[in-house]
1. Which percent of the accessible heavy-atom area of the chain goes to carbon and sulfur, probe 1.4 angstrom?
2. Which whole-number percent is the relative contact order of the chain (Cα, under 8 Å, 6+ apart)?
3. Taking only protein heavy atoms and a 1.4 Å probe, what accessible area per residue, in Å², does region 150-287 have with all protein chains in place?
4. For the chain, give me every cysteine whose Cβ has no other Cys Cβ within less than 4.7 Å, ordered by residue number.
5. Hey, can you rank 522-535, 155-168 by average C-beta count inside 10 Å, highest first?
6. For V279, what accessible area in Å² do you get when you roll a 1.4 Å probe over the heavy atoms of the protein chains, rounding to the nearest 10?
7. Would you check the accessible area of R325, probe 1.4 Å, heavy atoms only, in square angstrom rounded to 10?
8. List the residues, sorted by chain then number, that are 5 or more residues from Y246 or on another chain and whose placed amide H is less than 5 Å from its amide H.
Amino acid sequence: MAKKTVKRAPTALRKPMPTSEDPEAEIARLSAEISRHDALYYREDAPEISDAEYDALRRRLSQLEDAHPEFKRAESPSATVGAPPVGAFGKIRHEVPMLSLGNAFDDQDVTDFVQRVRRFLNLGEGDPLDVMAEPKIDGLSISIRYENGSLVQAATRGDGAEGENVTANVKTIKEIPHVLEGKAVPEIIDIRGEIYLAHKDFEKLNAAQAASGGKVFANPRNAAAGSLRQLDSSITAKRPLRFFAYAWGAASKLPADTQAGVAAAFGRWGLPINPLVRVSGDPSELLAFYREIESKRAKLGYDIDGVVYKVNRLDYQERLGFVSRSPRWAIAHKFAAERATTVLNKIDIQVCRTGALTPVAKLEPVTVGGVVVSNATLHNEDEIARKDIREGDTVVVQRAGDVIPQVVEVVLDKRPKNSHPFKFPKLCPICGSHAVRESDEDGNAADVVRRCTGGLICAAQVKERLKHFVSRNAFDIEGLGAEKIEFFFDTGRIKSPADIFTLEKRDQISDEPLITLRGFKETSVRKLFAAIDARRNVPLDRFLYALGIRHIGETTAKDLAKAYGTFEALRAAVDAAIGAGKESDAYQDIDNIEGIGETVVDALIDFFGEAHNREQIDALLHEVTVAPFVRTQTKESPVTGKTVVFTGTLTKLTRNEAKAQAERLGAKVSGSVSKKTDYVVAGAEAGSKLDNARALGVTVLDEDGWLALIRGA
Ligand code: IVH
């Protein structure tokens, strides 16, 4: 990527707030945006944004997903890497998936990473934990298979599971040996690494391209990708591509038991490895290495975009395993992104579906990292007060931690004399209802978000709910977008979800049918009614998601659908829990569902407890049929579908490890023992849970018993 000088700000200023006034909408928007950029980057080699900006999007998404797992989408880009292969080349399925790396953006993130690893491995203070650090190469990753030392196949990352067969092209790269020489070369090994172009070769290539009227590449990474993905490998052969080996996929045997040891063996076998490495057990030494690399960055002669830290011991790597799309044993410490200064003209207050009043900064347009920015998020009332952001201020904006750029700080020297602190409205700007901050039991302002109390009388909220109802992952009604909803609402045609499905009938007897209105034609109206009719049968998970119950996003909706199968069963379960109290079986039964916690149970109870919500649902159920949830069969293990409780001190596994392993095998891990528990795995000094298990006659296993049960799964 074209690297620009970057200025770093103190950590406290750079850390974005994980809050969002409408996290669900932001997650949806981010997911769509990331997928689009994935396609541009991986398939078309034509990114529109810088890597740092892209990372910012992903980072914001994972922050929001962590804070609001209920809104995490089933097909979230955070669970995938890259984009599916394009098709001109043959496809190769990676025997071991090619994953990505989690990101660290500051020193704290790095020390957190080390702490996390230590905790997971249950290491004592005196136990050493060596980490290997090396530059993160900004090229494209590749997996090269050697069998009995000979290069037999090479594949791009693709979507992580399946890449493109670029064997012929990779064979033209001089730095990549066709035969591995030396000792301990395994029978089979997939070497993973990065193909890149050196700066000087990139400049030469672009000059030649320009002279011949060919494609001029935006940066070395794109040039490398474009060169590798030539269908004619004689063209690739003319491009001086280079390679660094830094990891591996499938391997019949490894030449060492540490990351650094394996890398050294790669070197002996004739593979290029990066000489800039440091192995240390001291996080401050790793950070010093990061700064050293950062200072050398411009002179390296090739693009890097950070430093990668990897736990050195391979047995530790094995135990740490993976979470979602990245290994727990490695992290990328990225170099910082760009900022710019501009004038904040006005602070706008928008009202979301949940009634949240969202402040948005209207900026004098400014270019940040190659993108023109005119809006920035201000997060919430407290954030504005904390930074004392005022209309008319000159502010620093940054795209690092946010898709929607952030206002980082005010340039006080440039503050106009007549400026005054921003007064956050206490009334909803749309319906005039009181806007309040939910407080905790002590009356402290617990929620950073101020919400309009207008509910269904607030036009903004109702409109946003209707828009959500028809949106792509909900009812997905084609031709009924945000604009139409606004129009139908404002003209009194659609005030509630059920109205959507009675629209046609009412239109037939209306004095002013749609076709008589401007902007509507007979065919478009017919299509709209057909699109509405096509959704009269809706899968349970979509239906639940569409209702827009707080804290119930796509993933949670699926979890509930899976657990209850039908809407009637879910409704009966919630009805039983209304007013029954947290300790009741009815409440606990919902709470015990995998993926569901008290926040969701409370939200369900609140929602179904409201008469007007029940009325709206009943009216809707007159119009639509909710299809029961259909389970897809996954591979069975001895503990699939079983509920397991771990208690006491385990010796061979940490509690987290045991939990992650059990979940991977399809078991539900619960914190409390009940009649429904299948196994209690009791370590040393197990207490009341073990007693409960015995009293209830639940099968009790010791650690070895558990390991024996899941062996081979
Ligand atoms: S280790 C499981 N080391 O960065 C992944 N990756 O953003 C282990 N990358 O997919 C990867 N330089 O393509 C590793 N020295 C390095 C790297 C590196 C660049 C790439 C790699 C990875 C991506 C993650």
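1. On the way: 16750 of 32790 Å².
For the chain, the apolar C and S fraction of the accessible surface comes to 51 percent.
2. Working: 1292 pairs, mean separation 80.0, N = 713.
11 percent.
3. Result: 42 Å² per residue.
4. Within the chain, the cysteines lacking a partner Cβ under 4.7 Å are C352.
5. Sorting 522-535, 155-168 by mean packing, highest first, produces 155-168, 522-535.
6. Approximately 60 Å² of V279 is accessible to the 1.4 Å probe.
7. 40 Å²
8. HN-HN under 5 Å from Y246: R192, G193, E194.
The values are calculated or read from the model by the stated rules, or taken from the named source; none is laboratory data. Quick caveat: nothing in here was measured; it's all calculated off a predicted structure. Heads up, the Cβs are rebuilt from the backbone with ideal geometry, glycines too, and the neighbour counts pull from every protein chain shown. Side chains included, ligands, DNA and RNA excluded: accessible areas come from the protein's heavy atoms. Shrake-Rupley method; radii C 1.70, N 1.55, O 1.52, S 1.80 Å.
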